[in-house]
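The values are calculated or read from the model by the stated rules, or taken from the named source; none is laboratory data. What you see is a predicted model, and the numbers here were worked out from it, not measured in a lab. Quick reminder, even Gly has a Cβ in these numbers, built from the backbone with ideal geometry, and neighbours come from all protein chains shown. Just so you know, the surface numbers come from the protein's heavy atoms only, side chains and all, with ligands and any DNA or RNA stripped out. Shrake-Rupley method; radii C 1.70, N 1.55, O 1.52, S 1.80 Å.
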Amino acid sequence: MFVLNSNQRFKADYGLPEAENTLEDYIRQTENADHMHWEDISYHGHSLKIVQKTQKHVASKIAKTCKSNVGTPTGATERLLSKELGKFLLPPEGFGTAPTRKAQPKKPGGSGSLGSSPKKGTQCTVDEHIRYTPEGMSLHATMDSKKVISKLCRFELAVQTEAGELKPEAWESRTGLRFPFEISEISVDITRQINRVWKTLCSSSIVEDGFSSHDVNIDYLKTADDICYGFIIDATGLDNLRLVFSIDLEIPDKSLAPSISFRETSERSE
C-alpha cells in the first residue's frame, strides 16, 4: 500500500502560494473524478512529474519484492499490478451492510413454531437476521427435509472480492495469508417428525472433533492451519428431519466480506 505524505511542502524556490504549496493539493488536482487515475499537470508553470515518478518507483519496489512470482514487469506495469492485486485483496464496494450468501430464499412456514417442511428434496437456508458482534457475527442456518435425504449438505465460508469469491485454499495460495474468517462455535438442534408430531432428538454444541447423534454426522472443514471454515452434514437415509444451527463467526479484519454458502453436495471434498 502506498500512502502519500500529504503535508509535504515544495521547496521555497518554487514560489507557490501558501495554500497551494503541499503535495496534497497537487495530487488532488491530478486526480480524475473516479479516483482511479492520476496524470501530471502543469502546476503554476512547473512540470513536476510527481505522479509519473511515484508510479515508476512503486512498481519497481513491488517487482523487486515479488519478482519470483510475477517476473520482470513490462508494458503498463502499474495498471496490471493494481488490477490483479485489487481482484484478490480488496473487498467489494459497499461492504458493511450484510454478507453475501448462496442459500435459497427462506420460504414462509405453515402453522406452528417450526413451520412446514419442504415438499421435496432438502432445503438449506441461512436466516436473514444476522447479529453482528465485536468479534464478527452470529447467524442461524437450517437444513430441512421431508423426503429421504440422499445427499450430503455443506456449509462453508469464502472471501468475497470484486472478481468473485475466493475459497480458503485459493485465498491462501494467491495471497500467502491465513484465511481471514473462522467458525468459533456451532450448536445444533435436531428435530424429527414422528407420527405427525415434531420431537426434539438432540440439542447440543458441536465438539472439536465433530458431532454424531441419531444417525446424523457432522464433520468440520478446516484449512491446513486448523482454521474451521465450514462443516459437512451426513444424514443420508433419514426423512422428516430438521437441523437448526447457531453459528458464531470470528472476523478480525472488518474490511473483508464473507461469502456464505449452504447447499446439497454429492462429494465431501470439492
* Sorted by accessible area with a 1.4 angstrom probe, largest first, how do V148, V51 fall? -> V148, V51
* Asked: So how do R268, R263 rank on accessible area, 1.4 Å probe, biggest first, that is with the largest at the start?
  -> R268, R263
* Output the peptides 220-230, 150-160, 205-215 sorted from most to least packed, where packing is the average of other Cβ atoms within 10 Å over each peptide's residues. => 150-160, 220-230, 205-215
* Structure fact -> Taking H46, H140, H129, H57 and ranking on accessible area (1.4 Å, protein atoms only), highest first, one gets H129, H57, H140, H46
* To do: Please calculate the 1.4 Å probe accessible area of R242, with all protein chains present, and give it to the nearest 10 Å².
  => 10
* Asked: To the nearest 10 square angstrom, what accessible area does F245 show with a 1.4 Å probe?
  -> 0
